[in-house]
Each structure stands twice: as C-alpha cells, then as structure tokens.
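The values are calculated or read from the model by the stated rules, or taken from the named source; none is laboratory data. Keep in mind that what you see is a predicted model, and the values were worked out from it rather than measured. Positions of Cβ are generated from backbone atoms using ideal geometry, with glycine treated the same way; all protein chains shown enter the neighbour counts. Heads up: the accessible areas ignore ligands, DNA and RNA and are worked out on the full protein's heavy atoms, side chains in. Shrake-Rupley method; radii C 1.70, N 1.55, O 1.52, S 1.80 Å.
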Amino acid sequence: MRLLLPLSFIFFLSCAVDTKVESQEEAEIIPYDSHVHLMSPELIAYWKEIGIPFSKSEANYANLDTILDRNGAQFIDLIGMGYVYGNPEYYQGDDVRKRISKENDYLLETARKHKERVRPFFSVDPLRDFAIQELDRCYAINPNGGLKLHFNASQVYLTEPVHLAKVKQVFKWVAERELPVLLHFDNWHPKFGKPDIELLVDSILAEVGP
C-alpha cells in the first residue's frame, strides 16, 4: 500500500525541528513548531463563560506577538479552533457557521501580520453542510495555509457512510489544492477503532492520491 499524496498528512505533531544543510560539515538548526493554537478573544470569553479555566493571560492564547515571543520558534503552524463550535455538547447556538467563520477570520487576519513566519491552519467541522463553502472562503483569503480537522470534537466516525462521504469530499478538496492537513484522529468513543484507520487509508487517502 502506498501513500502517494499531493498533500501533507500530519498526526499529533507538537513540535518539530527543521534542518537546513549549509555544507557537508555543518547544518543550521531552525526551530519550527508545527502545532500552536490560536483563540480569538470571543472564543476565550465563551470558554470562561462555561467554566473552562485558563492558566495564563489571554494574550498567551490570542495575541500573536506574545505567542511568538514566548514560543521562540522561527516558524510556526498556527492552528485555528473554530471546529469546537461544531460540537453540540460544547455549543448549542444556532449560529455555528458564523462562529466557525469568525474564528477562521481571526486566525487568517492574525497570521497576516507575520506571514513570513506563520502558516495558518483554518478549521472546519467536516460533517457540516457548509464545510466546503467555508474551505473555499478561507482559501480565497490565504491559499498558502493548511487545514485542521479534529475528528474527536466533530464526532467523526468513518464507519458511518454519511460521515465517510463527507470527509472524503473534504480530503478531495484539500488534495486538489495540495494543502497540508493536521488531523486529530483519536476518539475515545467505543465506536472508534481499527476500521476507522483502515477506512482513512484505503477509502480516503488511497483515492485522493495520484
């Protein structure tokens, strides 16, 4: 089985080190963090409202200058968290699409300030009917970003035919644009297991590859 894909596929990377070889004798170590979350002030306010505690000031989660100063990496992948609004156990409002879009807008606008150091990963709930439209909108704003999918938060089960079809559509969209994907694929629900992994590889990745 080959995974020859026109996209990058990343599982649970918290940080990485990129090495640029300048000569045979020495190499320059370039600090690179591939998983830095960004939250808008609105999302932080909502989390506080429902009782989620924060150990640091808001600036550590919402202000890019503060994040870069504390992080120390030369390059970072900045991860949006709009997907959390798609989870009905977390948010019960009727403006899910608006909330996800606003979170993506905050991410993309924030990343623009340091575009030479930051790659934004916008997010979406792949099970929502507006998922592809939101991807189109974000891509039009910044075609050099990536996509974050959180199967746990979105309660994605690839063994469900409807879920599989919708996720396949999202991966097809990503592959056509050769964007990297950061996928959170652990799911504690009893329905999640080996079949989900096999479906991801055999029914999704194999189909979007060349």
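Computed from phi, the 3J(HN,Hα) profile of segment 72-86 under the Karplus parametrisation 6.51, -1.76, 1.60 (θ = phi - 60°) reads x, 6, 6, 10, 9, 9, 9, 9, x, 10, x, 4, 4, 5, x Hz, with x in place of Gly and Pro. Comparing Cα centroids, segment 180-210 and segment 74-131 end up 21 angstrom apart.
How much length is gained if the chain between Phe185 and Asn71 is pulled fully straight, taking 0.36 nm per residue apart and subtracting their Cα-Cα distance, in nm to one decimal?
Additional length available on full extension: 38.5 nm.
Remark: for residue pairs Lys56/Lys194; Lys56/Lys168; Lys115/Lys172, the C-alpha separation exceeds 29 Å in Lys56/Lys194; Lys56/Lys168.
Computed on the chain, with alpha-carbon pairs under 8 angstrom and 6+ residues apart, the relative contact order is 25 percent. Per-peptide packing, taken as the mean over residues of other Cβ atoms within 10 Å, places 177-185, 109-117, 45-53 in the sequence 177-185, 109-117, 45-53 from highest down. Using the 1.4 Å probe convention, the accessible area of the chain works out to 53 Å² per residue with neighbouring protein chains retained.
Only one of (1) 38, 25, 14; (2) 34, 22, 16; (3) 27, 25, 16 was calculated from the structure for semi-axes √(5λ) of the Cα gyration tensor in Å, and its label is (3).
Nonpolar atom fraction for the chain, defined as the carbon and sulfur part of the 1.4 Å probe accessible area, stands at 52 percent. Here the Karplus curve 6.51 cos²θ - 1.76 cosθ + 1.60, taken at θ = phi - 60°, turns the phi angles of segment 159-173 into couplings of 6, 8, x, 5, 4, 4, 5, 6, 5, 4, 5, 5, 5, 5, 4 Hz, with x standing for Gly and Pro. Taken over the alpha carbons of segment 149-210 as equal point scatterers, the Debye sum produces base-10 log I(q)/I(0) values at 0.12, 0.13, 0.18, 0.30 Å⁻¹ of -0.27, -0.31, -0.61, -1.51. Between Arg177 and Asp95, the simple label model (points 7 Å from Cα in the Cβ direction) yields a spacing of 2.5 nm.
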